[in-house]
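Working notes for the structure below.
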């Protein structure tokens, strides 16, 4: 082995977003146990095409003892990869539960039903969710369900507090969710700005709770819109903790 340039991934900084995966044409990086990892030294050419894709600055180029880059091994590695697995990787995912899906509700979906029991009212409605995944950390910035969409940016707590969320807020929209208090706001600004830049978003609705920390989501979206340079109509919806709309 010789000392050469090679990718180094700081696991403390990496949040497993997967944006680096499609940037590596050699397939040297995969998301394993929620972190980006270099799966073999021989697949990494050390040129660092993946560096600019990491919003956390977790990827650097270092010099250390490593096996030489093997172009033939890379070709064999890529040829062994299943088409479905590679398709997921090119959207930044390796977990099947994060596979991008554009959900459609056809006519074969059962109609809503109602049931009444003992004074309490139980109502079943058809889900209005039209895309998967929904977590802002996981959605691909160029997902087809963003193009020409009305986008709903939802604070994590809103669907739990607002009983009419599906029919009054989610219906007809693509959705992403996040928490401005617990998640990385700077990452969200950069991610949303890319979504706005790369897609024809018709409108953006921000649904947030009345608690002070939740206003951060509004600021995140406003900053992302400014960063994107796009003039997209912005609507704000505030939900009270008791579950009603705040006028």
- Note on the structure: By residue number, the members of the stretch 228-244 that are over 19 Å from residue 190 (Cβ atoms), surrounded by 14 or more Cβ atoms within 10 Å (Cβ to Cβ) and without any contact (Cβ under 8 Å) to a residue 40 or more places away in the chain are 236, 238
- Which one is farthest from residue 12 (Cα to Cα), of the residues in the stretch 206-233 that are touching a helix residue (DSSP H, G or I) at 6+ places or on another chain (Cβ under 7 Å) and not in a helix (DSSP H, G or I)? 232
- Could you tell me whether any residue of the stretch 169-182 is assigned by TED's automatic domain parsing to the domain that holds residue 231, surrounded by fewer than 19 Cβ atoms within 10 Å (Cβ to Cβ) and not in a loop (DSSP other than H, G, I, E, B)? no
- Note on the structure: When the stretch 20-53 is checked residue by residue, the ones that are touching a helix residue (DSSP H, G or I) at 6+ places or on another chain (Cβ under 9 Å) and surrounded by fewer than 21 Cβ atoms within 10 Å (Cβ to Cβ) are 22, 23, 25, 27, 30, 39, 40, 42, 45
- Which residue out of 36, 25 is free of Cβ contacts under 8 Å to residues at least 60 places away in the same chain and either in a loop (DSSP other than H, G, I, E, B) or assigned by TED's automatic domain parsing to the domain that holds residue 138 (or both)? 25
- Item | Which numbered condition residue 148 misses (of (1) at pLDDT 90 or above; (2) farther than 26 Å from residue 196 by Cβ; (3) exposed (fewer than 14 other Cβ atoms within 10 Å of the Cβ)) | (2)
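The values are calculated or read from the model by the stated rules, or taken from the named source; none is laboratory data. Since the model is a prediction, treat every value here as computed from it, not as a measurement. Heads up, the Cβs are rebuilt from the backbone with ideal geometry, glycines too, and the neighbour counts pull from every protein chain shown.
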